[in-house]
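Visitor: Have a look at the structure that comes next, please.
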Amino acid sequence: MTLAPAELAARLDRILACAGGLVASVPMPYLEHRSAGGDRSLGDLAFHLFRSALAFADGMDLGRLPAEWLAQTRPPDLQDGDAVARYGALVRGRIAGWFEGAGPGEYARVIDLSDGPRSGRDLLERTTTDAARALIELYEMVDGLGITPPEPVPLADLEGLLVSRGPTPGVDERRS
């Protein structure tokens, strides 16, 4: 299923909002929790989700998205879930402004990425899909800690974005 840029933008906004609420609900000591085999802590993964969305807007403005932007780590002042969530809210504001000012031709522009050129629309789809995957991972980590999320997984926003894979513990049970 191919989603229109407006639908991708709306889904990305809802994913960012959900991630902000989720990370804000995580008590301080658990922000450093890493899942088994995970290379990022819960706080680092949430920051990466937000930073990647911000990189989309910056990349669209500049016509290039350097890999270094996606490799940035969580700054030391984002030490608790509320601080990471506030950063996420700032990112949502920046992204909303970009989408509001973008005309349909913006998505046809070619953006230089580290793995080759992509259309703006393809970059938006990749950004939204990556954000959806990160959100699922955040829910899995929070579930593994026994924390009840403030809202259920937004399954409708993830539909058509995720590659098929096996059941997601703590996520698939919420579907019923």
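The values are calculated or read from the model by the stated rules, or taken from the named source; none is laboratory data. These figures come from a predicted structure and were not determined experimentally. We place every Cβ from the backbone using ideal geometry, glycine too, and count neighbours over all the protein chains shown.
Visitor: Of everything in the stretch 55-85, what is of a type in the set (D, E, K, R) and in contact with a helix residue (DSSP H, G or I) (Cβ under 8 Å, 6 or more places away or on another chain)? Give them in sequence order.
Guide: Result: ASP58, ASP61, ARG74, ASP77, ASP80, ASP82.
Visitor: Could you tell me which of the residues ARG175, ARG121, ARG133 is farther than 24 Å from VAL26 by Cα and either at pLDDT below 95 or not small (Gly, Ala, Ser) (or both)?
Guide: After applying the criteria, what remains is ARG121.
Visitor: With respect to ARG14, is the statement that it is at pLDDT 95 or above, surrounded by fewer than 21 Cβ atoms within 10 Å (Cβ to Cβ) and closer than 28 Å to SER114 by Cα true?
Guide: So ARG14 fits the description; yes.
Visitor: Go through the stretch 87-96 and give me each residue that's in contact (Cβ under 8 Å) with a residue 24 or more places away in the chain and more than 13 Å from the chain's Cα centre (by Cα).
Guide: ARG94, ALA96
Visitor: Which pairs have Cβ atoms under 8 Å, sit 6 or more apart or on different chains, and link a residue in the stretch 111-129 that is free of Cβ contacts under 8 Å to residues at least 60 places away in the same chain to one that is part of a loop (DSSP other than H, G, I, E, B) and of a type in the set (A, V, I, L, M, F, W, C)?
Guide: Pairs that qualify, where the first residue is free of Cβ contacts under 8 Å to residues at least 60 places away in the same chain and the partner is part of a loop (DSSP other than H, G, I, E, B) and of a type in the set (A, V, I, L, M, F, W, C), are THR129/LEU161; THR129/LEU162.
Visitor: Further, regarding this structure: Filter the stretch 31-56 down to residues that are without any contact (Cβ under 8 Å) to a residue 60 or more places away in the chain, surrounded by 16 or more Cβ atoms within 10 Å (Cβ to Cβ) and over 13 Å from the mean Cα position of the chain (by Cα), then give me how many there are.
Guide: The number of residues fulfilling the criteria is 3.
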